[in-house]
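Structure first, commentary second.
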Amino acid sequence: MFWHNVSKVILKNRILLVSVLVGLTVFMGYQASKIRLSYELAKILPASDPNFQLYESFKARYGEDGNVIVIGIATDKMFTLPFFNDWYDLNREIKQIDGVKEVLSNANLYKIVRNDSLKRFDFKPIVAQKPATQAEIDSIKAQIERLPFYQGFIVSENQQAHLLAVTLDQAKLNTKGRITIANDIEARVQAFAQGHGVEAHLSGLPFIRTKFMAKVSREVILFTILAVVVTGLILLVFFRSLTVMLLSLGVVLMGVVWTVGYMVLFGYEISLLTGLIPSLIVVIGVPNSIFLTNKYHEEFGRHGEKMRALAVSAEKIGETTFWANVTTSIGFGVFALTGSKLLTEFGLVASLGVMSTYLLCLVLITILYSYLPAPKHKQLARLDGKRIGAFLRFVENVVHHHRRWVYGLVAVLMVASVIGMNRIQAVGYIVDDLPSGDRILTDMAFFEKHFKGVMPFEVNVDTGRPGRVLTPQALTKIRLLQKEVEQYPEFTKPISLVEFIKFIYQSYRGGDPKYFVLPPALELNKLAEYAGTAKGQESRFKAFMDSTRRHTRVSFQVADVGTKRVAELYNTLQPRIDTIFNWDAEAGKWVEKEDRYEAKLTGNSVVFTLGNQYLLGNLVESTLLAIVLISIIMVVLFGNWRMILIAVVPSLVPLAMTAGIMGFADINLKPSTILIFSIAFGISSDGTIYFLTKYKDEFRNKRKSVSQAVSETIRFTGISMFYTAIVLFLGFGIFTASTFKGTVSLGILVSITLLVGMISNLILLPSFLLWLNKPLQED
């Protein structure tokens, strides 16, 4: 009765409803015009997670750990006059770019000079002015070679590669302005490289993320266009009507506008995940039009009355597609319950977009059809299409006469899927979604070869009380920490307060490299006499410790070795760090609580790995939650707990097969592929609802036998399910055009899952119905 009244309201208030929805679309379009790209690191961990809170407090104290763009070249010409002078000019040009805070390379390094008369250390540039002779260049080279602080950092250990580090202004780091900054830097660097016939490499998190988001920006537009083109062509082929195609796409695109409008209203920005939503809405929204149009044509073909056909269509399909869209929304919406900012934004916006598009399709398509001419004969003739009719008759024959073969085949596939599942590995890389030949990857490989990597790996040290950082005890513990990490080849040299003090001590002892060591306690006291009045030293120490001298950091860089290896390093190093700082070896016990240090691993690499682990744990949780919620809907709809088995199993079979395929195809579980399962289950369940709703109508309302009801459902609902499966298969297939491997995998796997889901719902589902309702069947 409710849906009967809904259809009456729609057809009796056509002008009002169209005006309201068009007005809302204009408003949402205005909001959508303000959408922005996100340049922040994706926040996967929930805000309540201690590791997330540690990382946020770390950034609040020291700034972003990933705010440096690095430029590298391999050459033996660096210390020749023409080359070095152009390198010097490049440094100055980059420093002048708005948004660049600091530039560091061998053309603008500092040395520390002991000033005995003023009892202080002076920081003086090694290159005071642009060199005029080769002798000056040779002197600069000799000075740098005597400063171990810079070795392996500005110059590679083998002296073959040279690095230029560009620190960006924090205020512009997460804004659109970073694109201009990155492009300006890249243009100047490439001009320099071409002028000298060398290859320049650019990397660092700001540069990588900028290039990532530039690709995402292009792909949002690309996928939306592809989704419109692909679904439009399918609609044109299926319905043989340009009007139906344009009407359907027009309404669905209004749903896209609403969806992007939601992002702006909620204060969200486009990320790698939310960038997929517009095209997803097109692909998922078009089936609403297909079912409504098919039902309208079917009803009109029976009696030839347009308004009556529209009323029945809105009533019957309105209810069916409502529940189908609810299950799809659940597939997305469960991510909104994870506590992860990234997943919450994706889940909430996608689920709202799905339901809004459903509402627009039901109301506007019904109303617009009422003003259009009645369907022509050629449009109705497709309902009796020979090819699809033959396919559905084949399905009907299999369901009625070959169910044992169906069960046997499913059993074999499930065994193979389980074998494949066991081969799946959970490994993610910060840039592994890029194709193997991408410039970002090749440039990163250069830095990993010569400088061991560019990904931040930090140790946050809280000494427990103000002033404790500079005590000999604390410095010794930090030195032992660094010595522990040095055992692992994945890490670069550290940048820390200890390294800085070693640099100062070398200068205090006349500059001899052998004194680049942490001085003993008595020598530290002597240094303090100078350090207390060090010229400009306060600002330099700010990068190493806070103003209270309670907190400090030890910064490493690491290669993009993958979440599995980073997790191993984390699990190995964290206990050893705890021991270094808090185990009293002489007493054989942990130090008292009030004297303890808190030294924790953090940084981009660590947080990314922990976020990946969180997503893996959430995979099972979100998928199970989707299954439970959709199962409850099945019980509410069909009033029978036995329907859970009938309804859920056909939707789980495709998921199991997809997991098996991932294992055999060596597709890893990572952020971009973890989403597949709950999304695919939600969409696959749509077909289950379409089928069971029609079956229920045939069996209960039209008093047909189980066998007859199944046959009728296959013949009539099967057409729309087939059309929808093709739309979804080809629609998700557009993601194979992505430059991100994870998005390609998502497109392929979801396409396969939904196609198998359609076959499962057309064959396995009715087979279960006949099997579990044998006593009710009529011969």
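Exceeding 29 Å between C-alpha atoms, which entries from my cross-link table qualify? They are K59/K176; K95/K526; K119/K542. It would help to have the intermediate numbers written out before the result.
Values: K59/K176 20 Å; K95/K526 36 Å; K119/K542 21 Å.
Too far apart for the 29 Å limit: K95/K526.
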Per-pair calculated FRET efficiency, R0 = 30 Å: L337 and V427 via Cβ, rounded to 0.05: 0.70
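Filter the GluC sites (Glu not before Pro) in region 116-211 to those in DSSP coil with at most 16 other Cβ atoms within 10 Å of their Cβ, and list the result. Could you put the intermediate results ahead of the total?
Values: sites: E136, E145, E157, E186, E199; in loops: E157, E199.
Within region 116-211, the qualifying GluC sites (Glu not before Pro) (loop, at most 16 other Cβ atoms within 10 Å) are E157, E199.
How large is the charge dipole for region 417-467, taken about the Cα centre, if only the Cβ atoms of Lys, Arg (+1) and Asp, Glu (-1) carry charge, to the nearest 20 debye? Don't skip to the end; give the middle numbers.
Working: 5 positive and 7 negative charges, 33 e Å.
I would put it at about 160 debye.
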Accessible area in square angstrom per residue, region 178-281, 1.4 angstrom probe: 35 Å²
Too-long pairs where the Cα-Cα distance tops 29 Å, listed order kept, from K8/K376; K449/K564; K172/K502: K172/K502
Distance in nm between pseudo-label sites at F394 and S139 (7 Å out along the Cβ direction from Cα): 8.6 nm
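Antiparallel as a % of all DSSP beta bridges within the chain, to the nearest 5?
Values: 42 of 44 bridges.
Around 95 percent of the beta bridges assigned by DSSP in the chain are antiparallel ones.
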Per residue value of the accessible surface for region 390-472 (all protein chains in place, 1.4 Å probe), Å²: 50 Å²
Highest average packing first - 253-260, 508-515, Cβ atoms within 10 Å: 253-260, 508-515
Sequence-distant aspartates and glutamates (8 or more away, or on other chains) whose Cα lies within less than 17 Å of K741: E219, D432, D433, D438, D560, D666
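I need the calculated FRET efficiency for the pair Y515 and I632, taking r as the beta carbon distance and R₀ as 56 Å, to the nearest 0.05. Please report the intermediate quantities before stating the final value.
Numbers: r = 72 Å, r/R0 = 1.29.
That pair, Y515 with I632, gives E of 0.20.
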Backbone HN-Hα couplings from phi across region 444-454 [Karplus 6.51/-1.76/1.60, Hz, Gly and Pro as x]: 5, 4, 4, 6, 5, 6, 9, 10, 6, x, 10
Set of aspartates and glutamates with alpha-carbon distance to K483 below 14 Å, sequence-local pairs under 8 removed: E499
Whichever aspartates and glutamates have a C-alpha closer than 13 Å to that of K704, once near sequence neighbours (fewer than 8 apart) are set aside: E712, E778, D779
Extended-chain gain in nm, criterion 0.36 nm per residue less alpha-carbon gap, E621 and L359: 91.4 nm
For the chain, radius of gyration divided by Kirkwood radius, i.e. Rg to Rh on alpha-carbons: 1.09
Region 89-141: C-alpha gyration tensor shape, a/c 1.5 cut-off, then a/b vs b/c: oblate
Amide proton proximity set for A161, modelled H, under 5 Å, gap of 5+: S156
Accessible surface of the chain, 1.4 Å probe, proportion on carbon and sulfur as whole %: 59 percent
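Where in region 619-694 are there chymotrypsin sites (Phe, Trp or Tyr not before Pro) that are in a DSSP coil and have at most 12 other Cβ atoms within 10 angstrom of their Cβ? Display every interim value, and only then the final one.
Numbers: sites: F638, W641, F664, F677, F681, Y690, F691; in loops: W641.
Those that pass, being in a loop and sparsely packed, are W641.
The values are calculated or read from the model by the stated rules, or taken from the named source; none is laboratory data. Because the structure is predicted, anything quoted here is derived from the model rather than measured. Backbone-built Cβ (ideal geometry, glycine too); neighbour counts: all protein chains shown. Quick note on the areas: whole protein, heavy atoms, side chains included, nothing else; ligands and nucleic acids left out. Shrake-Rupley method; radii C 1.70, N 1.55, O 1.52, S 1.80 Å.
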